[in-house]
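Novice: I'd like to ask you about the structure that follows.
Throughout, read-outs are computed from the coordinates displayed, never taken from laboratory work. Owing to the predicted nature of the structure, the values given are computational and were not obtained by experimental measurement. Because the Cβ atoms are built from the backbone with ideal geometry, glycine has one as well, and the counts that use them run over all protein chains shown.
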Amino acid sequence: MYKMALYGKGGIGKSTTTCNLAAALAARGFTVLQIGCDPKADSTRLHTGGASLPTVLDCMRDGDPGLGDIVLRAPNGVLCVEAGGPIPGQGCAGRGIIAAFDLLEKLHAYEEYRPDFVLYDVLGDVVCGGFAMPMRGRYADQVAVVTSGEMMSLYAASNIMRAVAGFQKRGYAQLLGLVANLRNVEDEEGKISRFCVEERTSVIATVPRSSLVQDAEDAGATVIELFPDSLTADVYRALADGVEGAAREYSKRGACGANGGA
Ligand code: ADP
Ligand code: MG
C-alpha cells in the first residue's frame, strides 16, 4: 500500500488530477482508495457521474455509519470517500479529515479493501493542523503539489512544501514533486521550472489545459474513461507511471530510508 496526498490551492485542479490518476491506476488493475479531504466534498465526482457522496461527517451526524455507508465503489472500480466539512460558519474545516481518518481506521477499511494506492485530495490554501493531517503521522508516504504557473498557486505550493519539510524532520511524509496543471499564463513552464530550482524540487508530470477535461467533467467522468485515446489521457497515464514508479522506489527503500532515516 502506497499512500500519496495531492495538495494545492483551491480550484487549481487537484480533484481532476486525482480522479484521472485514480482511474488510470484502477484501469491497470490496482485497487485505489480516493479520499476527498476538501470540505467542498466534490473530490470523487468524476467517478460517480457527477453525483455527490454522503460525507463521513454527515454520516456521523446522522448516526453510527458502517464501511458501506462511507465507502462507495465506483463503476470504474475506484473506492471513494468524502470526508466532508462542518456546517458553514461552525467548527473547524480540518475536522472532517480527522474524523474520516479515525473512522476508516476504526472500521478497518484498509484491511477490508486492501488498497494498493490511497490518494488523499487535500485543499492546501491554509495548511492548518487539520489540513496537515494527511502529511503527518503514518497517513501519506509522499506528497505531490498540484500547481499552475500563477503566482498565488506557486505561493500556496511554497507554503505546502514548507509544511511538508517541517514534518519530514519528524519522519513523516516526504515531498515527491509537483504536478504542473497549466493555465496558459505567459512563460508558464519557465516560471514553474524556476520555482523548482528555487525550491529544490521537480515536476512529475505536466498536464496541458485541455477542453477535454471540461467535456469529461460535464459528463461526470474522467478523461481516462471518456477520451482514452487522447493526448490528455496519455498525460494522466504518464502521471500514473510516475506514481507507480515512486511507489516501487518507496517500498524498495522502505519507509525509514525514504524519510532520510529520520
Ligand atoms: P480543485 O480540486 O483543486 O479545487 P478541480 O479539480 O475541481 O480543482 O478543478 C477546477 C476546475 O478546473 C474544474 O472545472 C476542472 O474541470 C478545471 N480543470 C482542471 N484541470 C484542467 C485542465 N488541465 N484543463 C482544463 N480544465 C481543467
Ligand atoms: Mg477539489
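Novice: Per q in 0.17, 0.18, 0.24, 0.26 1/Å, what log10 I(q)/I(0) does a Debye calculation on the alpha-carbon atoms of the range 1-69 return?
Specialist: -0.71, -0.79, -1.20, -1.28
Novice: Can you show me the helix-derived [θ] at 222 nm for the chain, built from DSSP H runs with n ≥ 4 at -39,500 (n - 2.57) apiece and divided by the number of residues, rounded to the nearest 500.
Specialist: Computed mean residue ellipticity for the chain: -13000 deg cm²/dmol.
Novice: Given a Förster distance of 41 Å, report the FRET efficiency between Asp241 and Cys128 from their Cβ-Cβ distance, rounded to the nearest 0.05.
Specialist: 0.80
Novice: Need one number for the range 2-249: average projected area of the convex hull over its C-alpha atoms, nm².
Specialist: 12.6 nm²
Novice: Please list, by residue number, everything in the range 102-135 whose backbone N is under 17 Å from a paramagnetic label point 7 Å out along Cα→Cβ of Arg170.
Specialist: Residues passing the 17 Å test: 102, 127-135.
Novice: So, one more: Mean separation of Cα pairs under 8 Å and 6+ residues apart, divided by the residue count of the range 2-249: what relative contact order is that in percent?
Specialist: Computed over the range 2-249, the figure is 25 percent.
Novice: Near Lys252, which aspartates and glutamates are there with a Cα under 18 Å away, not counting those fewer than 8 places off in the same chain?
Specialist: Asp116, Asp141, Asp241, Glu244
Novice: How large is Rg over Rh for the range 1-131, taking Rg from the Cα atoms and Rh as the Kirkwood inverse mean of 1/r across Cα pairs?
Specialist: Rounded to two decimals, Rg over Rh is 0.93.
Novice: With springs only between Cα atoms under 10 Å apart, run a GNM on the chain and tell me which of Gly91, Gly11, Gly63 wobbles the most.
Specialist: Gly63
Novice: Show which aspartates and glutamates lie in cross-link reach of Lys14 when reach means a straight Cα distance below 13 angstrom and same-chain residues fewer than eight apart are skipped.
Specialist: Asp38, Asp42, Asp121, Asp125
Novice: Next question. Listed here are the pairs Lys3/Lys106; Lys40/Lys169; Lys9/Lys106; which of them are more than 20 Å apart at the Cα?
Specialist: Lys40/Lys169; Lys9/Lys106
Novice: Mind giving me the FRET efficiency for Arg138 and Val197? R0 is 41 Å, r the Cβ-Cβ distance, nearest 0.05 is fine.
Specialist: Efficiency, from the Cβ-Cβ distance: 0.80.
Novice: With +1 on each Lys and Arg Cβ and -1 on each Asp and Glu Cβ, how big is the dipole of the chain about its Cα centre, in debye rounded to the nearest 20?
Specialist: About 920 debye.
Novice: Taking the Cβ-Cβ separation of Met152 and Cys92 as r and a Förster radius of 25 Å, what is the calculated FRET efficiency to the nearest 0.05?
Specialist: Between Met152 and Cys92 the formula returns 0.60.
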